[in-house]
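The values are calculated or read from the model by the stated rules, or taken from the named source; none is laboratory data. Just so you know, these numbers come straight off a predicted model, no measurement behind them. For neighbour counting, all protein chains shown are included, and Cβ atoms are generated from backbone atoms with ideal geometry for every residue, glycine included. With ligands, DNA and RNA removed, areas are computed over all heavy atoms of the protein, side chains included. Shrake-Rupley method; radii C 1.70, N 1.55, O 1.52, S 1.80 Å.
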Amino acid sequence: EIQKSLLPTNLVPPPGIRISWRYQPCSFVAGDIFNIFPLDEKNWGFYSVDVSGHGLPSAILSVTIFRLLNPTQIEDSVFRNINNGSPTLVPPDRALTDFASKFSFLAEESRFFCMLYGLLQPAERRISWCRMGHPPPVHVRSSGGSRLLEDTGGPPMGMIELPREMFQLETVQF
């Protein structure tokens, strides 16, 4: 129930966009979370995180990540920076670079997590994303077809110290 309470609720997607997911919990506590949320009037953020292992340690790290990724923060966050009193969006590759730096200690504990963070811009019909160890996203068309959005990706966060060039921004028009 705790993990279920972290799922998005009362989501009103932007015009022309349908957002759906299937949540199927396993029989034990684990470290999987995701979210999709408006960043401003024109941009939506989304992420998916899979913490290695099962049980309470993975679940605790998952909830910690969820709290750090809280999109409702007004001040500087993973998704926005405040410059001269005005918020600016952080591109997914820079957001993951900055976020990964907070978890370098995981390698010492033999723990890691996979993550995909993306930016949906409905008016431009564009999605940009960056991922670390996470499977690539799938674009499901309204016609019923789908395609795997293959990219270069990178290793999971926490396994090794990650150089900035590991975080490659990918963009697709839809």
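Side notes on the structure shown:
- Accessible area of Ser143 in the full protein assembly, 1.4 Å probe (Å², nearest 10): 100
- Label-point gap, in nm, between Trp21 and Arg67 - each point 7 angstrom along Cα→Cβ: 2.0
- Gain on full stretching of the segment that runs from Lys4 to Ile60 - 0.36 nm per residue minus C-alpha separation: 18.8 nm
- Protein accessible area in the chain, 1.4 Å probe - carbon and sulfur %: 54
- Prolate/oblate/rounded call for the chain, Cα gyration tensor, a/c under 1.5 rounded: rounded
- Gain in span if fully extended, Lys42 to Ser110, counting 0.36 nm per residue against the direct Cα distance: 20.5 nm
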